Amino acid sequence: MDRAEKKEMVAELNGVFAKTAVVVVAGYSGLTVSQMQNLRKQMKLAGAKVQVAKNRLAKIALDGTPVSSISSLMKGPTLIAYSDDPVAAPKVAVAFAKDFEKFVILGGAMGTTALNVDGVKSLATMPSLDELRAKLLGLLVAPATKIAQLTTAPAAKLARVFGAYASKDAA
């Protein structure tokens, strides 16, 4: 990498660290190429991204960003997983760490809050933004559904009574 590529990489990482909602740092030593591709694919499906960067460049890019607390985690072969959804990257990272013991979560950051391993795991157990939206929509639609059921219930009961009398007279 020459000097210009390094500057470009630092600028790109700085933009990522400044904009994303959550960053997870993990050690990947011992993973095969196919396992790393699998991780990237899972992250992409969840709306997150994985990036491997030189620790020195990542530390330079972290200066002045809200997630600068993760610079102490940048030791050895590390990767950065990040997403705009606060639970997407942690969910995939924790699930992947359960399947592959060589993938070790070191910590992370959510905004200005530094997260240890337990913080990342607890963040992974929370429902995603889409799940929360679905629950909220369900709560909003439920009263209208109940009102519709209540208004049609008396008519349905009358129809059953008339049907019973009709079948009684026919018999």
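What follows is calculated from the coordinates using simple rules that are stated; it is not laboratory data. Computed from a predicted structure; not experimentally measured. Cβ atoms come from the backbone with ideal geometry, glycine included; neighbour counts cover every protein chain shown.
Phi angles across the stretch 34-40 convert, under the Karplus curve 6.51 cos²θ - 1.76 cosθ + 1.60 with θ = phi - 60°, into 3J(HN,Hα) values of 5, 5, 5, 5, 4, 4, 4 Hz, Gly and Pro given as x.
Using the Cβ-Cβ distance between Ser128 and Val161 with R0 set to 41 Å, the FRET efficiency works out to roughly 0.30. Could you give the distance between the Cα centres of the stretch 92-171 and the stretch 18-65, to the whole Å? Between the Cα centres of the stretch 92-171 and the stretch 18-65 lies a distance of 31 Å. With θ taken as phi - 60° and the Karplus curve 6.51 cos²θ - 1.76 cosθ + 1.60 applied, the whole-hertz 3J(HN,Hα) list for the stretch 56-68 is 5, 5, 5, 5, 5, 5, 6, 4, x, 9, x, 9, 5 Hz, x standing for glycine and proline.
As a proxy for reagent exposure, Met126, Met74, Met43 were ordered by neighbouring Cβ count within 10 angstrom, fewest first; the result is Met126, Met74, Met43.
For the stretch 28-33, the Karplus equation 6.51 cos²θ - 1.76 cosθ + 1.60, evaluated at θ = phi - 60°, returns couplings of 10, 4, x, 7, 7, 5 Hz by residue, with Gly and Pro reported as x. Which of the following values of Cα extents along the principal axes in Å was calculated from the structure shown: (i) 51, 33, 27; (ii) 38, 36, 30; (iii) 94, 33, 29? Answer label, from the structure shown: (iii).
Cross-link candidates for Lys98: which lysines have Cα within less than 18 Å, leaving aside residues fewer than 8 places away along the same chain? Those lysines meeting the cut-off are Lys41, Lys121. Among the listed pairs Lys6/Lys75; Lys91/Lys146; Lys59/Lys102; Lys7/Lys44, which are separated by more than 29 Å between their Cα atoms? In this structure, Lys91/Lys146 lie more than 29 Å apart at Cα.
Remark: the chain carries a charge dipole of roughly 180 debye about the Cα centre, counting +1 on each Lys and Arg Cβ and -1 on each Asp and Glu Cβ.
Cβ crowding within 10 Å, taken as a proxy for footprinting-reagent exposure, orders Arg56, Arg40 from fewest neighbours to most as Arg56, Arg40. Ranking Ala81, Ala144, Ile105 by Cα position along the charge dipole of the chain, where only Lys, Arg, Asp and Glu carry charges on their C-beta atoms, puts Ala144 farthest toward the positive end.
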